[in-house]
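Structure first, commentary second.
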Amino acid sequence: MKLQFAFVALAAAPAAAFTTAGQRAGRTSTGLYSTLEKPQQQMTRFDRIKAKYKGPQIQITPDVEEEVGFSYASFDEAVAATDYSFNRNDVVKGTVVQYDKGGCIVDIGAKASAFLPLQEAALIQVQGENIESLIDIDEERNFEIISEEDENGQLMVSVRRIQYREAWDKVLAKQETDEAFDAQCVSVNRGGAIFLVEGLRAFLPGSHLTGRLPDEDLIGQTLPLKFLEVNQDENKLVVSNRRAVVEAQMADLSRGDVIDGLVKALKPYGAFVEVGGMSGLLHISQISMDRINDLERVLQPGQRIKCMIIDHDKVNGRIALSTKTLEPEPGDMIRDPERVYEMAEETARVYLEKQEAERKKREASAKDIVLGLGDALDDLSVGMDNKSEEGGDASDNLDSLLS
(Lines give C-alpha, C1' and ligand atoms only; values in the text may rest on other atoms or scores of the structure.)
Protein backbone atom coordinates (compact mmCIF):
# COMPACT_ATOMS: atom_id res chain seq x y z
CA MET A 1 0.00 0.00 0.00
CA LYS A 2 2.82 2.36 0.92
CA LEU A 3 4.69 1.53 -2.26
CA GLN A 4 1.58 2.27 -4.31
CA PHE A 5 1.17 5.70 -2.63
CA ALA A 6 4.82 6.71 -3.28
CA PHE A 7 4.56 5.81 -6.95
CA VAL A 8 1.48 8.02 -7.34
CA ALA A 9 3.29 10.97 -5.65
CA LEU A 10 6.30 10.66 -7.94
CA ALA A 11 4.12 10.57 -10.99
CA ALA A 12 2.33 13.77 -9.94
CA ALA A 13 5.57 15.79 -9.20
CA PRO A 14 6.77 18.28 -11.93
CA ALA A 15 9.82 17.39 -13.98
CA ALA A 16 11.72 20.45 -12.68
CA ALA A 17 11.80 18.88 -9.23
CA PHE A 18 14.12 16.16 -10.50
CA THR A 19 16.61 18.55 -12.15
CA THR A 20 20.04 18.33 -10.57
CA ALA A 21 21.85 21.34 -9.12
CA GLY A 22 24.54 21.06 -11.77
CA GLN A 23 21.98 21.11 -14.54
CA ARG A 24 20.28 24.18 -13.04
CA ALA A 25 23.60 26.01 -12.68
CA GLY A 26 24.56 25.09 -16.21
CA ARG A 27 21.33 26.43 -17.57
CA THR A 28 21.70 29.68 -15.63
CA SER A 29 25.28 30.28 -16.75
CA THR A 30 24.34 29.49 -20.32
CA GLY A 31 21.57 32.05 -20.19
CA LEU A 32 23.96 34.70 -18.75
CA TYR A 33 26.56 33.98 -21.41
CA SER A 34 23.88 34.34 -24.03
CA THR A 35 22.91 37.77 -22.65
CA LEU A 36 26.53 39.05 -22.64
CA GLU A 37 27.12 37.88 -26.17
CA LYS A 38 24.22 39.95 -27.50
CA PRO A 39 24.33 43.39 -25.77
CA GLN A 40 21.70 45.92 -26.62
CA GLN A 41 23.04 48.36 -29.23
CA GLN A 42 23.34 51.99 -27.95
CA MET A 43 21.47 54.57 -30.00
CA THR A 44 23.38 57.53 -31.39
CA ARG A 45 22.25 61.09 -30.81
CA PHE A 46 20.88 61.25 -34.36
CA ASP A 47 18.91 58.02 -33.83
CA ARG A 48 17.41 59.38 -30.62
CA ILE A 49 16.36 62.60 -32.34
CA LYS A 50 14.96 60.61 -35.26
CA ALA A 51 12.96 58.38 -32.91
CA LYS A 52 11.40 61.43 -31.21
CA TYR A 53 10.59 63.20 -34.48
CA LYS A 54 6.83 63.73 -34.85
CA GLY A 55 6.80 65.85 -37.99
CA PRO A 56 5.50 64.95 -41.46
CA GLN A 57 6.92 61.78 -42.97
CA ILE A 58 7.63 61.92 -46.68
CA GLN A 59 7.51 58.59 -48.41
CA ILE A 60 9.69 58.34 -51.49
CA THR A 61 8.35 55.82 -53.97
CA PRO A 62 10.64 53.77 -56.22
CA ASP A 63 9.33 55.75 -59.21
CA VAL A 64 10.61 59.02 -57.69
CA GLU A 65 13.94 57.46 -56.79
CA GLU A 66 14.35 56.20 -60.33
CA GLU A 67 13.45 59.65 -61.68
CA VAL A 68 16.00 61.58 -59.55
CA GLY A 69 18.62 58.85 -59.77
CA PHE A 70 19.20 58.85 -56.03
CA SER A 71 17.62 57.15 -53.00
CA TYR A 72 17.84 57.21 -49.23
CA ALA A 73 19.77 53.97 -49.29
CA SER A 74 22.35 55.35 -51.74
CA PHE A 75 22.60 58.51 -49.59
CA ASP A 76 23.31 56.42 -46.49
CA GLU A 77 25.96 54.52 -48.41
CA ALA A 78 27.57 57.78 -49.57
CA VAL A 79 27.66 59.15 -46.02
CA ALA A 80 29.19 55.93 -44.72
CA ALA A 81 31.81 55.93 -47.48
CA THR A 82 32.83 59.57 -46.95
CA ASP A 83 36.09 60.08 -45.04
CA TYR A 84 35.73 63.00 -42.63
CA SER A 85 39.32 64.02 -41.87
CA PHE A 86 38.78 66.27 -38.86
CA ASN A 87 41.73 66.10 -36.47
CA ARG A 88 42.62 67.87 -33.24
CA ASN A 89 44.23 71.32 -33.81
CA ASP A 90 42.84 71.59 -37.36
CA VAL A 91 41.37 74.99 -38.27
CA VAL A 92 38.10 74.66 -40.22
CA LYS A 93 35.35 76.91 -41.53
CA GLY A 94 32.07 76.73 -39.68
CA THR A 95 28.70 78.41 -39.22
CA VAL A 96 26.94 78.96 -35.91
CA VAL A 97 23.49 77.41 -36.20
CA GLN A 98 22.01 77.70 -32.71
CA TYR A 99 22.73 78.53 -29.08
CA ASP A 100 22.90 75.68 -26.63
CA LYS A 101 23.29 75.46 -22.88
CA GLY A 102 26.78 76.71 -22.04
CA GLY A 103 27.77 77.36 -25.67
CA CYS A 104 26.55 77.04 -29.23
CA ILE A 105 26.22 74.48 -32.04
CA VAL A 106 28.50 74.93 -35.06
CA ASP A 107 28.14 73.27 -38.46
CA ILE A 108 31.62 72.42 -39.75
CA GLY A 109 30.55 69.87 -42.36
CA ALA A 110 31.15 66.82 -40.18
CA LYS A 111 28.75 63.93 -39.51
CA ALA A 112 27.55 65.72 -36.40
CA SER A 113 27.56 69.40 -35.49
CA ALA A 114 30.45 70.66 -33.37
CA PHE A 115 30.06 72.34 -29.98
CA LEU A 116 31.66 75.67 -28.99
CA PRO A 117 31.74 76.09 -25.18
CA LEU A 118 31.42 79.55 -23.66
CA GLN A 119 34.99 79.58 -22.25
CA GLU A 120 36.36 78.99 -25.76
CA ALA A 121 34.19 81.62 -27.48
CA ALA A 122 36.58 84.59 -27.18
CA LEU A 123 40.01 85.53 -25.87
CA ILE A 124 38.68 88.57 -23.99
CA GLN A 125 35.59 87.89 -21.88
CA VAL A 126 33.98 90.09 -19.27
CA GLN A 127 32.85 88.28 -16.15
CA GLY A 128 29.19 87.29 -16.47
CA GLU A 129 29.13 87.69 -20.26
CA ASN A 130 26.93 85.17 -22.13
CA ILE A 131 27.45 83.35 -25.41
CA GLU A 132 24.90 85.54 -27.24
CA SER A 133 27.08 88.64 -26.79
CA LEU A 134 30.20 86.89 -28.10
CA ILE A 135 28.97 84.84 -31.07
CA ASP A 136 26.26 85.69 -33.63
CA ILE A 137 23.87 83.17 -35.15
CA ASP A 138 24.62 82.35 -38.83
CA GLU A 139 28.12 83.82 -38.38
CA GLU A 140 30.71 82.06 -40.53
CA ARG A 141 34.27 82.05 -39.22
CA ASN A 142 37.27 79.86 -38.47
CA PHE A 143 37.20 77.38 -35.60
CA GLU A 144 39.95 75.21 -34.16
CA ILE A 145 39.16 71.59 -33.28
CA ILE A 146 40.27 70.93 -29.70
CA SER A 147 38.93 67.41 -29.04
CA GLU A 148 38.38 64.00 -30.56
CA GLU A 149 34.91 62.77 -31.53
CA ASP A 150 32.70 61.64 -28.66
CA GLU A 151 30.32 58.65 -28.81
CA ASN A 152 27.92 60.71 -30.92
CA GLY A 153 30.60 61.84 -33.37
CA GLN A 154 30.57 65.40 -32.00
CA LEU A 155 33.72 67.55 -31.90
CA MET A 156 34.56 70.45 -29.61
CA VAL A 157 35.88 73.65 -31.24
CA SER A 158 37.45 76.93 -30.09
CA VAL A 159 37.69 80.55 -31.21
CA ARG A 160 39.83 81.65 -28.26
CA ARG A 161 42.85 79.60 -29.30
CA ILE A 162 42.88 81.13 -32.78
CA GLN A 163 42.66 84.62 -31.29
CA TYR A 164 45.42 83.73 -28.82
CA ARG A 165 47.87 82.91 -31.63
CA GLU A 166 46.86 86.02 -33.58
CA ALA A 167 47.43 88.15 -30.45
CA TRP A 168 50.97 86.80 -30.04
CA ASP A 169 51.70 87.55 -33.70
CA LYS A 170 50.64 91.18 -33.13
CA VAL A 171 52.68 91.43 -29.93
CA LEU A 172 55.81 90.12 -31.66
CA ALA A 173 55.28 92.66 -34.46
CA LYS A 174 55.02 95.47 -31.88
CA GLN A 175 58.20 94.28 -30.22
CA GLU A 176 59.98 94.28 -33.58
CA THR A 177 59.15 97.95 -34.22
CA ASP A 178 59.70 98.90 -30.54
CA GLU A 179 56.99 101.55 -30.75
CA ALA A 180 54.95 102.77 -27.79
CA PHE A 181 51.33 101.55 -27.55
CA ASP A 182 48.32 102.18 -25.34
CA ALA A 183 46.83 99.51 -23.07
CA GLN A 184 44.16 99.37 -20.38
CA CYS A 185 44.72 98.32 -16.77
CA VAL A 186 42.46 95.45 -15.67
CA SER A 187 43.81 94.70 -12.16
CA VAL A 188 46.47 95.67 -9.62
CA ASN A 189 48.51 93.75 -7.08
CA ARG A 190 51.26 94.41 -4.55
CA GLY A 191 54.00 94.18 -7.17
CA GLY A 192 52.41 96.25 -9.92
CA ALA A 193 49.49 96.13 -12.34
CA ILE A 194 48.06 93.92 -15.10
CA PHE A 195 47.33 95.40 -18.54
CA LEU A 196 45.64 93.84 -21.56
CA VAL A 197 47.86 93.97 -24.65
CA GLU A 198 46.06 92.60 -27.73
CA GLY A 199 44.01 90.47 -25.35
CA LEU A 200 47.05 89.07 -23.52
CA ARG A 201 47.81 89.81 -19.87
CA ALA A 202 50.99 91.87 -19.41
CA PHE A 203 52.65 92.71 -16.10
CA LEU A 204 53.71 96.28 -15.30
CA PRO A 205 56.14 96.41 -12.32
CA GLY A 206 55.41 99.17 -9.85
CA SER A 207 58.90 100.59 -10.37
CA HIS A 208 58.08 101.19 -14.04
CA LEU A 209 54.90 103.17 -13.37
CA THR A 210 55.54 106.91 -13.77
CA GLY A 211 54.30 109.47 -11.30
CA ARG A 212 51.94 107.29 -9.22
CA LEU A 213 51.47 104.05 -7.30
CA PRO A 214 49.62 100.97 -8.58
CA ASP A 215 46.37 101.39 -6.65
CA GLU A 216 42.70 100.63 -7.35
CA ASP A 217 42.22 104.00 -9.09
CA LEU A 218 44.48 102.77 -11.87
CA ILE A 219 42.00 100.06 -12.97
CA GLY A 220 40.25 101.04 -16.21
CA GLN A 221 42.82 103.70 -17.13
CA THR A 222 44.79 103.60 -20.39
CA LEU A 223 48.53 104.31 -20.31
CA PRO A 224 51.32 104.41 -22.91
CA LEU A 225 53.58 101.37 -22.61
CA LYS A 226 56.67 99.74 -24.10
CA PHE A 227 57.87 96.17 -23.82
CA LEU A 228 60.55 95.12 -21.36
CA GLU A 229 60.32 91.37 -21.96
CA VAL A 230 58.45 89.22 -24.47
CA ASN A 231 58.65 85.42 -24.11
CA GLN A 232 56.02 83.45 -26.02
CA ASP A 233 57.33 80.06 -24.87
CA GLU A 234 56.76 80.99 -21.22
CA ASN A 235 53.66 83.10 -21.97
CA LYS A 236 55.38 86.06 -20.33
CA LEU A 237 54.87 89.76 -21.09
CA VAL A 238 56.48 92.55 -19.06
CA VAL A 239 55.84 96.19 -19.96
CA SER A 240 57.00 99.62 -18.80
CA ASN A 241 55.15 102.90 -18.60
CA ARG A 242 58.30 104.77 -17.53
CA ARG A 243 60.19 103.72 -20.63
CA ALA A 244 57.41 104.92 -22.93
CA VAL A 245 57.10 108.25 -21.12
CA VAL A 246 60.86 108.83 -20.86
CA GLU A 247 61.52 108.13 -24.53
CA ALA A 248 58.63 110.38 -25.57
CA GLN A 249 59.98 113.16 -23.36
CA MET A 250 63.55 112.64 -24.52
CA ALA A 251 62.47 113.02 -28.13
CA ASP A 252 61.29 116.57 -27.34
CA LEU A 253 64.28 117.56 -25.17
CA SER A 254 67.66 118.84 -26.27
CA ARG A 255 70.77 120.35 -24.70
CA GLY A 256 70.26 123.93 -23.56
CA ASP A 257 66.52 123.61 -22.84
CA VAL A 258 65.28 125.28 -19.64
CA ILE A 259 62.74 123.06 -17.87
CA ASP A 260 60.80 122.93 -14.60
CA GLY A 261 61.65 120.16 -12.17
CA LEU A 262 60.79 118.80 -8.73
CA VAL A 263 63.53 117.91 -6.27
CA LYS A 264 62.90 114.29 -5.24
CA ALA A 265 65.96 113.36 -3.17
CA LEU A 266 69.28 114.75 -1.92
CA LYS A 267 72.55 112.84 -1.99
CA PRO A 268 76.09 113.82 -0.97
CA TYR A 269 76.98 114.23 -4.63
CA GLY A 270 73.89 116.20 -5.71
CA ALA A 271 70.11 116.13 -6.12
CA PHE A 272 67.73 113.99 -8.13
CA VAL A 273 65.15 116.10 -9.94
CA GLU A 274 61.99 114.73 -11.56
CA VAL A 275 61.48 116.25 -15.01
CA GLY A 276 58.38 115.20 -16.94
CA GLY A 277 58.28 111.77 -15.36
CA MET A 278 62.05 111.29 -15.70
CA SER A 279 64.71 111.49 -13.02
CA GLY A 280 67.61 113.83 -13.80
CA LEU A 281 70.82 114.38 -11.82
CA LEU A 282 71.74 117.88 -10.69
CA HIS A 283 75.35 117.34 -9.62
CA ILE A 284 76.61 119.44 -6.71
CA SER A 285 79.26 120.97 -8.98
CA GLN A 286 76.50 122.17 -11.34
CA ILE A 287 74.35 123.94 -8.73
CA SER A 288 76.34 127.15 -8.32
CA MET A 289 79.56 128.82 -9.37
CA ASP A 290 80.40 129.19 -5.68
CA ARG A 291 81.35 126.26 -3.50
CA ILE A 292 78.47 124.57 -1.64
CA ASN A 293 79.29 123.26 1.81
CA ASP A 294 75.77 122.26 2.87
CA LEU A 295 73.42 121.12 0.10
CA GLU A 296 70.35 121.20 2.36
CA ARG A 297 70.74 124.97 2.73
CA VAL A 298 70.25 125.35 -1.02
CA LEU A 299 67.74 122.66 -2.00
CA GLN A 300 65.01 120.67 -0.24
CA PRO A 301 62.98 117.60 -1.35
CA GLY A 302 59.66 118.72 -2.81
CA GLN A 303 61.05 122.08 -3.96
CA ARG A 304 60.27 123.20 -7.51
CA ILE A 305 63.21 124.61 -9.45
CA LYS A 306 64.26 125.64 -12.94
CA CYS A 307 67.29 124.04 -14.52
CA MET A 308 69.04 123.61 -17.84
CA ILE A 309 69.68 120.33 -19.67
CA ILE A 310 73.43 120.12 -20.28
CA ASP A 311 73.56 116.47 -21.40
CA HIS A 312 71.24 113.52 -22.04
CA ASP A 313 71.36 109.82 -22.84
CA LYS A 314 68.25 108.99 -24.86
CA VAL A 315 68.99 105.28 -24.95
CA ASN A 316 69.07 104.86 -21.16
CA GLY A 317 66.74 107.79 -20.37
CA ARG A 318 69.26 109.78 -18.31
CA ILE A 319 69.67 113.56 -18.23
CA ALA A 320 72.24 115.84 -16.59
CA LEU A 321 71.01 119.18 -15.24
CA SER A 322 72.55 122.48 -14.21
CA THR A 323 71.44 125.60 -12.37
CA LYS A 324 74.80 127.38 -12.30
CA THR A 325 74.44 128.08 -16.04
CA LEU A 326 71.31 130.08 -15.11
CA GLU A 327 73.00 132.27 -12.49
CA PRO A 328 73.04 135.96 -13.49
CA GLU A 329 75.96 136.39 -11.08
CA PRO A 330 78.17 133.65 -9.59
CA GLY A 331 76.71 132.43 -6.29
CA ASP A 332 73.12 133.60 -6.92
CA MET A 333 71.78 130.05 -6.37
CA ILE A 334 73.06 130.28 -2.79
CA ARG A 335 72.18 133.92 -2.06
CA ASP A 336 69.00 134.48 -4.11
CA PRO A 337 67.65 131.41 -5.95
CA GLU A 338 64.35 133.14 -6.79
CA ARG A 339 66.25 135.67 -8.90
CA VAL A 340 67.86 132.79 -10.75
CA TYR A 341 64.46 131.22 -11.56
CA GLU A 342 62.90 134.55 -12.62
CA MET A 343 65.73 135.32 -15.02
CA ALA A 344 66.32 131.73 -16.11
CA GLU A 345 65.21 132.08 -19.76
CA GLU A 346 67.15 135.31 -20.32
CA THR A 347 70.27 134.01 -18.60
CA ALA A 348 70.04 130.77 -20.60
CA ARG A 349 69.83 132.74 -23.86
CA VAL A 350 72.94 134.74 -22.98
CA TYR A 351 74.77 131.60 -21.90
CA LEU A 352 73.91 129.74 -25.12
CA GLU A 353 74.95 132.70 -27.28
CA LYS A 354 78.26 132.79 -25.44
CA GLN A 355 78.69 129.04 -25.92
CA GLU A 356 77.94 129.38 -29.62
CA ALA A 357 80.45 132.21 -30.02
CA GLU A 358 83.11 130.15 -28.26
CA ARG A 359 82.31 127.18 -30.48
CA LYS A 360 82.73 129.25 -33.62
CA LYS A 361 85.98 130.67 -32.27
CA ARG A 362 87.31 127.17 -31.62
CA GLU A 363 86.32 126.08 -35.11
CA ALA A 364 88.09 129.09 -36.62
CA SER A 365 91.23 128.35 -34.60
CA ALA A 366 91.18 124.73 -35.69
CA LYS A 367 90.73 125.82 -39.31
CA ASP A 368 93.73 128.16 -39.05
CA ILE A 369 95.85 125.34 -37.63
CA VAL A 370 94.87 123.04 -40.50
CA LEU A 371 95.59 125.72 -43.13
CA GLY A 372 98.92 126.55 -41.50
CA LEU A 373 99.89 122.90 -41.49
CA GLY A 374 99.03 122.71 -45.20
CA ASP A 375 101.27 125.70 -46.01
CA ALA A 376 104.11 124.18 -43.97
CA LEU A 377 103.77 120.89 -45.85
CA ASP A 378 103.94 122.78 -49.16
CA ASP A 379 107.17 124.52 -48.04
CA LEU A 380 108.50 121.17 -46.91
CA SER A 381 107.80 119.68 -50.33
CA VAL A 382 109.66 122.51 -52.07
CA GLY A 383 112.56 122.20 -49.66
CA MET A 384 112.74 118.44 -50.23
CA ASP A 385 112.94 118.99 -53.99
CA ASN A 386 115.79 121.50 -53.59
CA LYS A 387 117.69 119.24 -51.21
CA SER A 388 117.34 116.29 -53.52
CA GLU A 389 118.88 118.36 -56.31
CA GLU A 390 121.74 119.31 -53.99
CA GLY A 391 122.05 115.71 -52.76
CA GLY A 392 120.88 116.60 -49.26
CA ASP A 393 118.66 114.63 -46.92
CA ALA A 394 114.98 115.71 -46.91
CA SER A 395 114.49 114.37 -43.40
CA ASP A 396 116.51 117.25 -41.97
CA ASN A 397 113.94 119.75 -43.23
CA LEU A 398 111.14 117.76 -41.61
CA ASP A 399 112.97 117.58 -38.30
CA SER A 400 113.70 121.30 -38.33
CA LEU A 401 110.08 122.07 -39.16
CA LEU A 402 108.65 119.91 -36.38
CA SER A 403 111.17 121.27 -33.88
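Listing for the model above:
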{"item": "Burial ranking of peptide ranges 358-365, 169-176, 155-162 (average Cβ count within 10 Å, highest at the top)", "result": "155-162, 169-176, 358-365"}
{"item": "Accessible surface of the stretch 264-374 [probe 1.4 Å, protein heavy atoms]: carbon and sulfur percent", "result": "53"}
{"item": "Highest to lowest packing among 318-329, 121-132, scored as the average C-beta count within 10 Å", "result": "318-329, 121-132"}
{"item": "Counted charge near LYS93, where neighbours are those whose Cβ lies closer than 12 Å (Asp, Glu -1; Lys, Arg +1)", "result": "-4"}
{"item": "Computed label-point distance, nm, for sites ASN89 and LYS367 using a 7 Å Cα→Cβ extension", "result": "7.0"}
{"item": "Spin-label pair VAL186/GLU148, simplified geometry with 7 Å Cα→Cβ offset, distance in nm", "result": "3.3"}
{"item": "Protein accessible area in the stretch 150-218, 1.4 Å probe - carbon and sulfur %", "result": "46"}
{"item": "Estimated FRET transfer efficiency (SER71, ARG165; beta-carbon r; R0 41 Å; 0.05)", "result": "0.35"}
{"item": "Computed over the stretch 209-253: relative contact order in percent, which uses C-alpha pairs under 8 Å that are six or more apart", "result": "36"}
{"item": "Theoretical gain in end-to-end length, GLN98 to SER279 [0.36 nm per residue, Cα-Cα removed]", "result": "59.4 nm"}
{"item": "For ASP90, distant residues with modelled amide H under 5 Å away", "result": "ILE145"}
{"item": "Length-normalised contact order for the stretch 144-203 - Cα pairs under 8 Å, 6+ apart - percent", "result": "23"}
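The values are calculated or read from the model by the stated rules, or taken from the named source; none is laboratory data. Every value quoted in this text rests on a predicted model; they were computed, and no experiment measured them. With ideal geometry, Cβ positions are generated from the backbone for all residues, glycine too; neighbour counts draw on all protein chains shown. Side chains are part of the model used for accessible areas, which takes the heavy atoms of the whole protein and leaves out ligands, DNA and RNA. Shrake-Rupley method; radii C 1.70, N 1.55, O 1.52, S 1.80 Å.
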